[in-house]
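Here's the structure, in structure tokens; my notes come after.
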Amino acid sequence: MASFGSFALLIALVLAGYNLLAGALALRLRAVGSTDSLLPEQLGDTARRAGIVLFVPVTAAAFALLWAAFTNDFSITYILEHSNRALPAPYKFAALWSGQEGSLLLWAWLLASYGFVLRVTHEVDVRLYAYASTILAGIQTFFLAVLCFAAPPFALYTGTVPADGNGLNPLLQYPEMVIHPPMLYLGYVGFSVPFSFALGALIMRYPGEKWIRVTRIWTMVTWLFLTCGIFLGMHWAYAVLGWGGYWGWDPVENASFMPWLTGTAFLHSVMMQEKKGMMKSWNVWLIFSTFLLTLLGTLLTRAGLVSSVHAFAQSSIGTWFVVFMAIVLAVCIAAYLINRDHLKSEHRLTSAVSRESSFLFNNLVLLTSCFVILWGTLFPILSEFIEGSKVTVGAPFYNRVAVPIGLFLLFLTGVGPLLPWRGTSFQSIRRNFVLPVIALWMTVIACLVAGVKPWKDGLFNAGNFYALVAFAMVAGVMTAILTEFLRGAGVISQQMGSNLFSALWLLTRRNTRRYGGYIVHVGVVIVVVGFAGSAFNRSEEKEMSLHDRMAFGPYLLEEVGATQDSNQNYNSEYALLNVYRNGVKRFQMAPEKRVYLVNGQPQTMVAIHSVPAWDLYVVYEGTNPETGQPIIKAFLNPLVGWIWVGVAIMFFGTVVALVPNSVPARESGAMGGEL
Amino acid sequence: MIRWIQIAQALTLAIAVYFSMGATGASARFENLGHRLMCTCGCAQLLGECNHVGCPESTRQRNELVSAIAAGKSDREILAWFSDKYGRSVQAAPRAEGFELIAWIAPFAVFAAGLIGTILLVRRWTRVPPSQ
């Protein structure tokens, strides 16, 4: 199977190389109007077909690696290091992306899948797709070359093959880990497609903005995958790592967040290009940057440049990525310099206070956030180079720098949709902003009265202050969005005599992109509520013997026993806790600690009871070695559940935005314009 | 409009006064400093959040933090003491001095430059017709 997999990768590399070279030659011949006997159309078509066919050997290689995992073929080093006989079947799949070589193979397979769909649907715009296909083939060639020569997944173990493998990292043995990495990779790899279209459109000097409409679905779907991947990772961290949080500003987390920020900026600013023919250079560089950030993120976390708790997949492929990034950057700069006259703006702003200018500020904030995260991730390397000692850049830095910028972005989320395209009047501003501003200040007062104070134990507390500001902003933004919905639905209701709900449905169907976007904003606002709740997290740790009790928040936890279990994969210990509220037993929790047999690594399985107001989050930390008693750590994490609900709403909103309008949206104007 | 501005000013003043009230506490300082220091066992967690049983470092470090606060040391002195003992990486964020000050200044400088640039761009785009 190792030979089969290696051979499949080599065939795929040859096909990708042919797709790249023949495709590039065909495009060149077509561009210079060659009349040679070698017809560019036929050559280009063979290149495209090679790109379609390469999906088969890459799929075969991925299948071969999975087959090796399922058949416990430990003669393959990768399988030896990332699987074992007792590993449950779903986690055999997870072994595919648990190491460097496997995750690169997953990357190549997803890229081949995207390429397959792109090349099969080339009739949408044959010439543009030919450029995009050739550029995508270049990226595919790089990843296949890495797999064939630098990080071969089918490398054979030298020496006597052990009877069993080293097993999968326990942190990865969790159901979400079967979904989270593929989702993240779908997003990460997916940005290759809009990048290919953008670069292709620039090189061919594509007339008009049709290429943006062609790639819009690709970009939004990719963004959705990345969003889901990031939040699934957050939920995994929350449920598995046992520290009560969901985001630790780890370099790997940062690496996934940076392209999300630039991708989000692109999704907003691209509307300026579609509707106004403006910001063309900006948009091209946004999508270039997004793709480069996906490569940079991979480089940072795989080449060992920054230390990360996600140490699943580090090796020495850094040089390959540095060279590839340099080539990509050089191609982007050259294409831009040669064709920049094609990117001149066709219109100008009619007012400084307009939807157009709000997009500019939105982009500024998103890109500043991206810079902050990139800066924080790279600063330890810089400090080591300058001062000789590595400075830690952790949560306190990001909380102080990124949170205020994030709140400003939240402010713009509310303000932007209230500003019409082209411009506005003072009366219009006053009419649109009165209700949100009232809601904002009412929330400030309500929070202060309810005890949400910006200090804790007498000291100014930045977390509490930001939470207060966030709650107030959320109220303002939510009011603004609801006002927009109700205003539009009111007009339809009056015109058609329908009830409000029918009018809301019709309004959304008529302009799915705009109102789907608003639903995404509602999701973001609800996520922010969940984030703000973290300012009021509290925890308590106690050694609990049988029938010991811990009063914690509104709950009383009673230890009613401990039990043990074992299977082929791990031994586990549970603490059983009855949870009382108002003197009545409400439910039982069973936090668990596992020890995996193959490698002796421990793993926490947190027990979580989630209600809208908070999560009761209980960790069984093990037993005190001196007393033998279980140690229980309980967290009360307010509003965490809102984050997952908000993500679901973001997902729904994006899907709505992807649905075609029931009637064509009007070109512009506050009511008819897109988000 | 003026009336709205006056109302906003009054509310801002009231909130500022409300914010300025309060007292100080050792537990708040412990909480604050515990989240500005890293556990040095290699778990990459903040000292205030390190949660694994049998950690060889965090219990001792927490006790040292409690002792330092009880001894009346300032936050700056405590952070410096920890840095001297455990190395620079024990602090969870760059210091606001020397070279490390750049870490704090750069994001805001970039934001300010971007903001000025965006404002100038908006002004230019609202005045000058685009080149053909």
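Go through region A:362-382 residue by residue and tally those that are within 8 Å of another protein chain (Cβ to nearest Cβ) and under 16 Å from A:Ser256 (Cβ atoms).
2
Counting just the residues of region A:413-433 that are under 30 Å from A:Phe460 (Cα atoms) and out of contact with any Leu (no Cβ under 9 Å at 6 or more places or on another chain), which one comes out modelled with the lowest pLDDT? Talk me through it step by step, then tell me what you get.
Our first condition is that a residue be under 30 Å from A:Phe460 (Cα atoms); within region A:413-433, this holds for A:413-415.
Restricting the remaining residues to those that are out of contact with any Leu (no Cβ under 9 Å at 6 or more places or on another chain) gives A:413, A:415.
On the way: A:Thr413: 85, A:Val415: 82.
Of everything passing the filter in region A:413-433, A:Val415 is modelled with the lowest pLDDT.
Counting just the residues of region A:331-365 that are among the basic types (Lys, Arg) and part of a helix (DSSP H, G or I), which one comes out nearest to A:Thr264 (Cα to Cα)?
Top of the filtered list is A:Arg355.
Take the residues in region B:80-104 that are closer than 15 Å to A:Ile386 by Cβ and of a type in the set (A, V, I, L, M); name whichever of them is surrounded by the most Cβ atoms within 10 Å (Cβ to Cβ).
Looking at residues that are closer than 15 Å to A:Ile386 by Cβ and of a type in the set (A, V, I, L, M), I get B:Ala103.
Could you say which residue among A:Pro396, A:Pro436 is under 19 Å from A:Gly517 (Cβ atoms) and in the same structural domain as A:Phe465 (by TED's automatic domain parsing)?
Working: A:Pro396 fails: under 19 Å from A:Gly517 (Cβ atoms).
Exactly one of A:Pro396, A:Pro436 is under 19 Å from A:Gly517 (Cβ atoms) and in the same structural domain as A:Phe465 (by TED's automatic domain parsing), namely A:Pro436.
Taking interchain pairs and intrachain pairs at least six residues apart, which have beta carbon atoms under 6 angstrom, with the first residue in region A:383-397 and more than 7 Å from every other protein chain (Cβ to nearest Cβ) and among the acidic types (Asp, Glu) and the second assigned to a loop (DSSP other than H, G, I, E, B) and surrounded by fewer than 21 Cβ atoms within 10 Å (Cβ to Cβ)?
What qualifies is A:Glu384/A:Lys390.
Which ones in region A:481-539 are surrounded by fewer than 19 Cβ atoms within 10 Å (Cβ to Cβ) and touching a Pro at 6+ places or on another chain (Cβ under 7 Å)?
Residue satisfying the conditions is A:Phe536 alone.
For residues that are part of a loop (DSSP other than H, G, I, E, B) and surrounded by 22 or more Cβ atoms within 10 Å (Cβ to Cβ), scanning just region B:37-48, find the one that is nearest to the other protein chains (Cβ to nearest Cβ).
To start, the set of residues in region B:37-48 that are part of a loop (DSSP other than H, G, I, E, B) comprises B:39-45.
Retained after the next criterion (residues that are surrounded by 22 or more Cβ atoms within 10 Å (Cβ to Cβ)): B:39, B:45.
Values: B:Cys39: 11, B:Gln45: 6 Å.
Across region B:37-48, the extreme among qualifying residues is B:Gln45.
Which members of region A:425-467 meet the condition of being of a type in the set (D, E, K, R) and on the phi > 0 side of the Ramachandran plot?
Once the filter is applied, which keeps residues that are of a type in the set (D, E, K, R) and on the phi > 0 side of the Ramachandran plot, region A:425-467 yields only A:Asp457.
Just one of (1) within 11 Å of chain A (Cβ to nearest Cβ); (2) buried (at least 16 other Cβ atoms within 10 Å of the Cβ); (3) at pLDDT 90 or above trips up B:Asn51, so point out which.
Evaluating B:Asn51 over (1) within 11 Å of chain A (Cβ to nearest Cβ); (2) buried (at least 16 other Cβ atoms within 10 Å of the Cβ); (3) at pLDDT 90 or above leaves (3) as the failure.
Go through region A:136-180 and report how many residues are assigned to a helix (DSSP H, G or I), buried (at least 24 other Cβ atoms within 10 Å of the Cβ) and not small (Gly, Ala, Ser).
The total comes to 7.
So, in region A:229-252, exactly how many residues are under 15 Å from the mean Cα position of the chain (by Cα), away from chain B (no Cβ under 12 Å) and in contact (Cβ under 8 Å) with a residue 40 or more places away in the chain?
Residues meeting the conditions: 9.
Which one is farthest from the chain's Cα centre (by Cα) among residues in region A:97-129 that are surrounded by fewer than 24 Cβ atoms within 10 Å (Cβ to Cβ) and of a type in the set (A, V, I, L, M)?
Checking each candidate, the answer is A:Val126.
Being under 35 Å from the mean Cα position of the chain (by Cα) and either outside any strand (DSSP E or B) or more than 23 Å from A:Leu616 (Cα to Cα) (or both) is the filter here, so list the residues in region A:555-577 that pass it.
Result: A:Asn567, A:Gln568, A:Asn569, A:Tyr570, A:Asn571.
Taking region A:447-485, which residues are under 12 Å from A:Phe536 (Cα atoms), more than 32 Å from the chain's Cα centre (by Cα) and in contact (Cβ under 8 Å) with a residue 12 or more places away in the chain?
From region A:447-485, those under 12 Å from A:Phe536 (Cα atoms) are A:451-456, A:461-468; that's our starting set.
Restricting the remaining residues to those that are more than 32 Å from the chain's Cα centre (by Cα) gives A:451, A:453, A:455-456.
The one that is under 12 Å from A:Phe536 (Cα atoms), more than 32 Å from the chain's Cα centre (by Cα) and in contact (Cβ under 8 Å) with a residue 12 or more places away in the chain: A:Lys453.
Can you name the number of the only condition in (1) surrounded by fewer than 21 Cβ atoms within 10 Å (Cβ to Cβ); (2) under 24 Å from A:Arg340 (Cα atoms) that A:Met271 fails?
(1)
For the structure I just gave you, tell me whether B:Pro107 is free of Cβ contacts under 8 Å to residues at least 24 places away in the same chain and away from every other protein chain (no Cβ under 12 Å).
On the way: free of Cβ contacts under 8 Å to residues at least 24 places away in the same chain: yes; away from every other protein chain (no Cβ under 12 Å): no.
Against the criterion (free of Cβ contacts under 8 Å to residues at least 24 places away in the same chain and away from every other protein chain (no Cβ under 12 Å)), B:Pro107 does not qualify.
So in region A:606-632, with the set limited to residues that are part of a strand (DSSP E or B) and away from chain B (no Cβ under 14 Å), which one is farthest from A:Glu540 (Cα to Cα)?
Within region A:606-632, the match that is farthest from A:Glu540 (Cα to Cα) is A:Val611.
Kindly indicate whether any position in region A:408-423 is more than 30 Å from A:Val252 (Cα to Cα), surrounded by fewer than 15 Cβ atoms within 10 Å (Cβ to Cβ) and more than 12 Å from every other protein chain (Cβ to nearest Cβ).
Checking region A:408-423: not a single residue is more than 30 Å from A:Val252 (Cα to Cα), surrounded by fewer than 15 Cβ atoms within 10 Å (Cβ to Cβ) and more than 12 Å from every other protein chain (Cβ to nearest Cβ).
From the list A:Glu176, A:Glu209, which residue is modelled with pLDDT under 85, touching an Asp or Glu at 6+ places or on another chain (Cβ under 8 Å) and charged (D, E, K, R)?
Exactly one of A:Glu176, A:Glu209 is modelled with pLDDT under 85, touching an Asp or Glu at 6+ places or on another chain (Cβ under 8 Å) and charged (D, E, K, R), namely A:Glu209.
The values are calculated or read from the model by the stated rules, or taken from the named source; none is laboratory data. As the structure is a prediction and not an experimental result, all values here were calculated from the model. Methodologically, a virtual Cβ is constructed for each residue, glycine included, from the backbone with ideal geometry; neighbour enumeration extends over all protein chains shown.
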